[in-house]
Amino acid sequence: MANVSLRSVVKRYGKQAVVHGIDLEIADGEFLVMVGPSGCGKSTTLRMIAGLEDVSGGEIRIADRVVNDLEPKDRNIAMVFQNYALYPHMTVFDNIGFGLHAARLPKAEVAARVTKAAGMLGLADYLQRRPAQLSGGQRQRVAMGRAIVRDPAVFLFDEPLSNLDAQLRNQMRTEIKRLHQSIGTTIVYVTHDQVEAMTLADRIVIMRDGRVEQVGAPLDIFHRPANTFVAGFIGSPQMNMIEVPVRAGALDLGEGVSIPVPPRGGAGLSEGSRVILGIRPDDLVAADGARAAGVPLEGRVAVVEPLGTETQIFVRVGSHELIGKADGHHVPRPGEPIRLVCNVDRLHLFDAERKHALA
Amino acid sequence: MTAGALPSTAARGAVRFKDVRPGRIVAWTLLAMGGIAMVMPLVVMISTSLKYPHEVYDLNLIPVEPTLENYLHIFQNTKFLRWFVNSLIISILTTASVVFFDGLVGYVLCKFSFRGRQVVFVAILSTLMIPTEMLVIPWYLMARDFGWLNSVWGIMFPGIMTGFGTFLMRQFFEGVPDDYIHAARIDGLNEFQIWWRIAMPLVTPALSALAIFTFLGNWTAFLWPLIATSNRDLYTLPVGLASFSGEFATEWEMVMAGASLATLPTLVFFLIFQRYIIRGVMLTGVKG
Ligand SMILES: Nc1ncnc2c1ncn2[C@@H]1O[C@H](COP(=O)(O)OP(=O)(O)OP(=O)(O)O)[C@@H](O)[C@H]1O
Ligand SMILES: [Mg+2]
């Protein structure tokens, strides 16, 4: 059990900085997820916390102790790697117990702890197998077992589920969440999958190009993205973002279609200025009965993607194409005119130049 | 040892009777001829070793009067056993040393970044360009000055590390994902233990190949062992067998009996390590 804190942490490879001064306070027992596009420095940051990379600048503390110069094994952390890194020449038992064994714990205690961890993960029947004889999901469990058995103060996960197929990934995601609920250890979890981030995290850290773009609880980030990057990264399908001028107190979508300026962020907008309007597809729904409250928008259906539970529709509105949603049983035909309703309270406005949210 | 490849090739061809095409017949004929060319010397060697001297120059493959007397003779009247043991000791020690040091250096050159790493690597590679014949004289002068002539160490020392092995190991360690090393570091191993207990087992196929090459190379080495020692007790097998060629005549049946026995350890060595090569190859085929 421990908190982790990063203060102006910088990583440079030669002259090239890949992490530009990250500040982060991770509370004891928190499940923190770092997400961002490929190459944004998530793994590098995680490896610095683990002690696998030198810190070029700043300070990392685990349990209020500066660990910059501590060896990984002295930091009381455990890590699960993307490709699991199970030792192929050892059995599952030895893989899980290897760290304890290396720490010269008595054989009986190693055996007891390995058995317990294996029991938690449903691996009891596989202890004498080698990694090659396991399925992807079982290997993933062994990798987690290797971390759990150390009983660390902090778990570090680096894209642990990205090698699994979609179904197994969902299943393991739930198991990881369950595990965190039962042992309550601090977790720092790296992924580039925003669904994993949303579902697992107590708080999400969104990174881009070695910098933190926003930190917050999943729903806060979803509903109040700090800038267009975060808005586009979180939420699927992506938020519609279009640049529009302000005309006659409304946002002009072209061809005579307009939306009233939303209350949030719209206060200081002057006539003729340009803003980026963000509309989540969930806030732009086909007006068929029940979900019809809001501002109506007339458009024409371009592409329809039925998903069963709902239907995604690409609609030409004014001079823009927007993604909206309809009920699963409502499948409009391409080319049809359609009436959408849009929830003005949930619209997002961003500065056209600097891309940050107008609050 | 190349002959070992033949049966499997033939077997693979044999399963597919359906596609017997002219091209295949040509290929099989060529393979069969190649195979026979490979096996012939071995057959002649064994057959000659079973002949009496008067029959040696007859071209029959099956001896008319087979005999084991040649074998008895080389055991009783020569230092064959002694040479055999010398060769065994030298080959095994050298192989162990090569696997250990080449593995260590290859690992460090691959997984550690330090100033001058590239220079060291190129320097090691450049030693591959120098032929043994050119090295023999410096080796000799060095061994003489250090007083290493006529000793097991004197025969061994040039081979205890090889540029080729270092290069090979470095290339193979490239294929070991860093995450294994990271995992081991978190598990609390020191750098030497990471190399020995994690990285080395991951490159078993490369190690086995290197071990086989090194063992065979040392087992059959002739030039340097001949130069490094003049003491009959320290001869290696090839040098000893060559000494059967007297001033006036070569006793081929003796040489062949010795040579037949000499192939045994290489066969055993190969059979043992070949299994590791196959197993190792399967290991590397597994992700994670
Ligand atoms: N050893 C290195 N030398 C130089 N640059 C490096 C090194 N390791 C990583 N980088 C660079 O640092 C940046 C961040 O890499 P990192 O692995 O942290 O990305 P990531 O966010 O984990 O991406 P991914 O989602 O693809 O795993 C990348 O641009 C990468 O090229
Ligand atoms: Mg990464």
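The values are calculated or read from the model by the stated rules, or taken from the named source; none is laboratory data. Bear in mind that the values here come from a model prediction, so they are computed numbers and not experimental data. Side chains are part of the model used for accessible areas, which takes the heavy atoms of the whole protein and leaves out ligands, DNA and RNA. Shrake-Rupley method; radii C 1.70, N 1.55, O 1.52, S 1.80 Å.
A few notes on this one:
- Note on chain A: Lys pairs 8 or more places apart or on different chains, Cα atoms under 23 Å apart, count 10.
- For segment B:177-224 versus segment A:230-295, the gap between their alpha-carbon centres in whole angstrom: 62
- Helices assigned as whole DSSP H runs in chain B whose Cα atoms extend at least 30 Å along their own long axis and whose mean Kyte-Doolittle hydropathy is 1.0 or higher are found at B:22-49, B:80-111, B:252-284.
- Entry comment: accessible area of chain A is 43 Å² per residue, from protein heavy atoms only and a probe of 1.4 Å.
- For the pair segment B:107-154 and segment A:158-210, the centres of their Cα atoms are 51 angstrom apart.
- The angle between the Cα long axis of helix A:166-183 and the longest principal axis of the Cα atoms of chain A comes to about 60 degrees, rounded to the nearest 10.
- Per-residue HN-Hα couplings for segment A:342-350 [Karplus 6.51, -1.76, 1.60; θ = phi - 60°; Hz; x = Gly/Pro]: 10, 7, 5, 5, 9, 6, 10, 10, 10
- Between helix A:92-102 and chain A there is an angle of about 70 degrees, using the helix long axis and the longest principal axis of the Cα atoms.
- Between helix A:107-120 and chain A there is an angle of about 20 degrees, using the helix long axis and the longest principal axis of the Cα atoms.
- Relative contact order for segment B:168-256: 19 percent, from Cα pairs under 8 Å spaced at least 6 residues apart, divided by residue count.
- Among the protein heavy atoms, those of B:Y71 account for about 40 Å² of accessible surface (1.4 Å probe, every chain in place).
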